[in-house]
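Data first, discussion second: the structure below is written as structure tokens.
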Amino acid sequence: MYQATFNSIRTQTATLLLGLLSVLCCNHAAQAQLVQPPRLPASLERGQHQPNLNPLPQLESATSATAPQAALTTIPGKQWAALAGPETGLIASLARKGSRVFAGTTGGVYLSDDAGESWQRALGSPATQVYGLLVNGDAVLYGTDAFGEGPGGVLRSTDDGATWQLVNNGLPEKVAVLSLAAQRDQLFAATVTGRVFRSADNGDTWTEASTGLPETPQPVLLVGGPAALLALTNDGLYRTTDGGASWANSNDRLPAAVKLTPGHIPQAQGDRFLLPTTNAGVIVSDDGGATWRFSNQGMPENANLGDLTVAEADVYCATSDGALYRSTDGGATWTMCNPTFGLGKNVRGLERSGDALLLATFDGVFRSMDDGASWERANSGLRAASMDGGMLAVGNRLYVSTQGGIWASDTKGASWRLLNDGFRQFPLSAIWGAGLGYKDGCVFAGSFGDGLYRSANGGNTWELLSNGLPEFASPAVIKTLNGKLYVGYWEGGAYVSTDNGDSFQPVALPADAPFLTFAELGGSTLLAGSYGGGMFRSDDDGASWRAFKDGIRNDFIDDINVYRGTVLAATDDGIYRLNADGEDAGWTELLGYAETITGGANALIRVGRTLYATTYGRGIAMSNNNGASWYSANQGMTTNRSFYFARIDNDLFVATAGGGVCVLRNVER
């Protein structure tokens, strides 16, 4: 489910943009700021082991001739409803056309006509990740990935975001476009595989323009100026001055000893390029990238920078100590406008709308009405959170784990509050929620790259746990089995506590893989599912483990559901049932699911006679005959990408990627 995060293997969502959203993280032990290489988009990472997906059959009415009556639990008369929050989301970019501001999120494009005071989703924009939002003439364009809800590529709107159309003529099939740039009369699109394409008709047709770029597949991020176009790759900086006909490595044009990373994206301001570094502040080029100079007056010496973003005459960047700096003269001089803004946020885009300055971050949009001196959240209506960390119901409280941290609702989703008190906030690195769990009155929450936290007061305050746990690691799953607390990590391995988290011991699992799920079969029998290492079983309450995947073709185990003697395992290529005729009889695939979904499942839950499954790209699937046949249960959903279930009374909640939390009311009535 996840891919490498903070030097770990994390292939589910963290959700992140390749390069445009590469997460800046800290080497906390040395207190030195590092930037990770670009990572695959969350949707590509999550789906890399899954085959192509076909639509689920829809149940249109109770008289459908193709659907058995038992499958009509939620149809007609019931549908999912998007909840009023959390109002946040990973904002990749901002763009302005006239008085309308566009925000590119993990759940499609959002629009604001009041300078960020309120947002609404552009209904014609698929609820997928937005890359490289760009206004070019009368058109607004962006790139997206190729997973689940569409073919990927480039989408374009010529009516200010009311409608969108794919403009992929000449692009590879199922392509993921990670950035767009305009240079003179041409438009350029960079892909996840390292290929660049150009269009002379604003996206109507495309031709490849990759000559001279690295042959090894790797992400490419673009920025265009009047005289040149720059491409940032894992191999450094490339430059073209002939409209993409040829590219040349430009690393030797940079000042000596300057350190660049793929997370540091160049920005253009008219004829000028500005590029942040990890050891030398900002470097600037006034000749299309041919030569570069230092431009750091007013900044700390040898400043370690995170993101840099430009809006008209203003340039903003954040330093590793959390300060936000502003330049109004193209980077010649800098002034600190806020000493702590960068703490816990990643600055991804900047746009000015009237008197308002809007800043895109990993934790939503922030707005300043005083040129950056003070900031406030500006997320009203922005429901683009990706809940890839986890979701948990404790009594009437619902917890979700997002890019901005931990949110909770005591009103079944009608209102939400952020519960981050006690989490460490490192400069240039957003709090990124991971797994959630509960035991003996305490809530446990993981933070990617920062370990396991515990709260004894419902999440109002948190304490970091360290006794026996790996430092700066990423908890993926937190489960209570036979009175013990188990924690599985994205970096690999698992730990167990018998004192409610005061201390931990390693679990002697036979695979050093990320563990995503644990289950209790009864007595002293436990199951553990890993992501890439297969399934394991213990018959002595976790003291020893053995491989237990006979019949399961896939080593990527996402969830295990145990209900009245029936054990189901959700994997990246389908759902399997544990055979009942002996402990070593193995597993049998649910062929009805495989034939309908032709893909994997993330999570499973039973409500009465109905079995629900989340998928990443296929929406919600449901079965009323113990998995023999499956149908769509997507009525009202804004996205087909979902992760987790939780239930409070007769309400079923689902956590999505980019679509916030949705609820199905009165599921048993």
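Here is a check on your reading of the model: is Leu578 over 18 Å from Phe518 (Cβ atoms) and among the aliphatic types (A, V, I, L, M)? Considered against the rule, which asks whether it is over 18 Å from Phe518 (Cβ atoms) and among the aliphatic types (A, V, I, L, M), Leu578 comes out as no. Taking the range 601-617 as the range and being at pLDDT below 90 and within 30 Å of Asp145 (Cα to Cα) as the test, the residues that pass are Thr615, Tyr616, Gly617.
Being within 17 Å of the chain's Cα centre (by Cα) and open to solvent by less than 50 Å² (accessible area, probe 1.4 Å) holds for only one residue in Val109, Val175, Val196, Val154, and it is Val109.
Screening the range 573-632 for strands (runs of 3 or more DSSP E) wholly inside it with 2 or more residues that are touching a residue at least 60 places away in the same chain (Cβ under 8 Å) returns the ranges 620-623. Within the set Ala360, Ala311, the sole residue that is under 21 Å from the mean Cα position of the chain (by Cα) and open to solvent by less than 10 Å² (accessible area, probe 1.4 Å) turns out to be Ala360. Against the list (1) open to solvent by 40 Å² or more (accessible area, probe 1.4 Å); (2) within 29 Å of the chain's Cα centre (by Cα); (3) touching a residue at least 40 places away in the same chain (Cβ under 8 Å), the condition Pro470 fails is (3). For the range 651-661, state whether one or more residues are more than 22 Å from the chain's Cα centre (by Cα) and modelled with pLDDT of 90 or more. Yes, some residue in the range 651-661 is more than 22 Å from the chain's Cα centre (by Cα) and modelled with pLDDT of 90 or more. Filter the range 404-417 down to residues that are touching an Asp or Glu at 6+ places or on another chain (Cβ under 9 Å) and at pLDDT 90 or above and give me whichever is surrounded by the most Cβ atoms within 10 Å (Cβ to Cβ). The qualifying residue surrounded by the most Cβ atoms within 10 Å (Cβ to Cβ) is Gly405.
For the condition of a type in the set (Asp, Glu), farther than 28 Å from Pro172 by Cβ, open to solvent by 20 Å² or more (accessible area, probe 1.4 Å) and modelled with pLDDT under 90, what is the one hit in Asp252, Asp235, Asp185? Residue meeting the stated conditions: Asp252. For beta carbons closer than 7 Å, sequence separation of 6+ or different chains, a first residue in the range 449-461 that is open to solvent by 10 Å² or more (accessible area, probe 1.4 Å) and a second that is of a type in the set (A, V, I, L, M) and in a loop (DSSP other than H, G, I, E, B), the qualifying pairs are Asn460/Leu419. Which of the residues spanning the range 638-652 are under 17 Å from Arg618 (Cα atoms) and assigned to a strand (DSSP E or B)? Across the range 638-652, the qualifying residues are Arg641, Ser642, Phe643, Tyr644, Phe645. With respect to the stated conditions, Val654 is out of contact with any helix residue (DSSP H, G or I) (no Cβ under 6 Å at 6 or more places or on another chain), buried (at least 23 other Cβ atoms within 10 Å of the Cβ) and closer than 21 Å to Thr517 by Cβ. When residues in the range 273-292 are screened for being at pLDDT below 90 and surrounded by fewer than 19 Cβ atoms within 10 Å (Cβ to Cβ), 1 of them pass. Restricting attention to the range 340-351, the residues that are under 20 Å from Tyr131 (Cα atoms), open to solvent by 10 Å² or more (accessible area, probe 1.4 Å) and part of a strand (DSSP E or B) total 1.
The values are calculated or read from the model by the stated rules, or taken from the named source; none is laboratory data. Computed from a predicted model, the values in this text were never measured in an experiment. FYI the Cβ positions are ideal-geometry reconstructions off the backbone, even for glycines, and counts take in every protein chain you see. All accessible areas refer to the heavy atoms of the entire protein, side chains included, with ligands and DNA or RNA removed. Shrake-Rupley method; radii C 1.70, N 1.55, O 1.52, S 1.80 Å.
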